[in-house]
1. When you scan the range 1-76 for helices (runs of 4 or more DSSP H) that lie fully inside it, which ones turn up with 2 or more residues that are surrounded by 10 or more Cβ atoms within 10 Å (Cβ to Cβ) and at pLDDT 90 or above?
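The values are calculated or read from the model by the stated rules, or taken from the named source; none is laboratory data. From a predicted model like this one, the values you see are computed outputs, not experimental measurements. Every residue, glycine among them, receives a Cβ derived from its backbone with ideal geometry; neighbour counts consider all protein chains shown.
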Amino acid sequence: MSDKDQVQGEGDYKSAEKFNQAERAFVKSGAVEKEKGRAEPKSAAEAQEMNQAEKIGRSHAKPEDGRSHPEAGASSGKK
């Protein structure tokens, strides 16, 4: 067995491959379509709560253009 095969932690190649195979099988099984309905909001209040949570999460994310989000309170330095 080579050293590469024995790497553990974030470089655990065997576990990564097992995960990738299981992920592909799950997607091909059609279960994704069944499961995505479970994530839908069950009421208007839940939908509003989910939208607020998403807005908060996105306010912390760095946009692709590298500028800060105005909602996060940081300025881009440009006017």
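1. Hits in the range 1-76: 13-28, 44-60.
A quick yes/no check of all residues on (1) within 17 Å of the chain's Cα centre (by Cα); (2) among the aliphatic types (A, V, I, L, M):
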{"residue": "F19", "(1), (2)": "yes, no"}
{"residue": "K28", "(1), (2)": "no, no"}
{"residue": "A47", "(1), (2)": "no, yes"}
{"residue": "E54", "(1), (2)": "yes, no"}
{"residue": "S59", "(1), (2)": "yes, no"}
